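Engineer: Please see the structure below; I have some questions.
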Amino acid sequence: MGAPAYMDPKKITDITIHCAATPRGKPFTAAQISAMDLARADLGNQIAYHYVIELDGKTTQTLRHDQRGAHVGGHNTGNLGICYVGGVLEDGKTPADTRTDAQKVATAALLKQLRAQFPGVRIRGHRDWPGVKKACPSFDVAAELKRIGL
Ligand SMILES: [Zn+2]
């Protein structure tokens, strides 16, 4: 298993929101998501995200802020990754905003906490990074930030 590299927790400039690309309504724990990350050679066999938000809103920190994640190709230093369970339909592939109300509430609380901790940090979805051709996180992060007043 790859050990996450060190990154300077005082130089966090970005937060990126992801989905786990798991089927709508199907429960996965943070530990299960991390186990799937560790099995992926393309991620360097390391935990990808700093936080995982389960269907019931339970939020688990899966990496420390001084550990580099593996969630945006070439842009992981200074970038905290947040992943919600879900993001595709029951077919396991069609992108969809499957967030439960509990996940929306938990995500907003986490983002507000992190924004307070890291003033000026940029928050965006995976798909909002230049050159990314993915649907992840299957919702409009800018619209969500406006909705929650961030
Ligand atoms: Zn993603």
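Engineer: So if I check each of L150, L145, L114, which one is away from the ligand (no atom under 16 Å from the Cβ) and open to solvent by 40 Å² or more (accessible area, probe 1.4 Å)? Outline the logic, then answer.
Structural biologist: Values: L145 fails: open to solvent by 40 Å² or more (accessible area, probe 1.4 Å); L114 fails: open to solvent by 40 Å² or more (accessible area, probe 1.4 Å).
On inspection, the qualifying residue turns out to be L150.
Engineer: Give the residue that is nearest to N76 (Cα to Cα), with candidates limited to residues of the range 1-29 that are within 16 Å of the ligand (Cβ to nearest atom) and hydrophobic (A, V, I, L, M, F, W, C).
Structural biologist: I15
Engineer: Being free of Cβ contacts under 8 Å to residues at least 60 places away in the same chain and over 16 Å from K134 (Cβ atoms) narrows it down to one of T100, T77, T107, T94, so name that one. Walk me through how you get there before you give the answer.
Structural biologist: On the way: T77 fails: free of Cβ contacts under 8 Å to residues at least 60 places away in the same chain; T107 fails: free of Cβ contacts under 8 Å to residues at least 60 places away in the same chain; T94 fails: over 16 Å from K134 (Cβ atoms).
Just one listed residue meets the conditions, T100.
Engineer: Just give me the residues in the range 22-76 being within 11 Å of the chain's Cα centre (by Cα) and small (G, A, S), in sequence order.
Structural biologist: Within the range 22-76, A48, G69, A70 meet the criteria.
Engineer: Here is a check on your reading of the model: is Y6 loosely packed, with under 14 Cβ neighbours inside 10 Å and more than 22 Å from K133 (Cα to Cα)?
Structural biologist: Working: loosely packed, with under 14 Cβ neighbours inside 10 Å: yes; more than 22 Å from K133 (Cα to Cα): yes.
In short, yes.
Engineer: Collect the residues in the range 30-73 that are open to solvent by 40 Å² or more (accessible area, probe 1.4 Å) and in contact with a His (Cβ under 9 Å, 6 or more places away or on another chain), keeping them in residue-number order.
Structural biologist: Q61, R64, listed by residue number.
The values are calculated or read from the model by the stated rules, or taken from the named source; none is laboratory data. Remember, it's a predicted structure, so these values are computed and weren't measured experimentally. So basically every Cβ, Gly included, is an ideal-geometry build from the backbone, and we count neighbours across all protein chains shown. The protein model used for the area step is the full one, side chains on, heavy atoms only, and it has no ligands, DNA or RNA in it. Shrake-Rupley method; radii C 1.70, N 1.55, O 1.52, S 1.80 Å.
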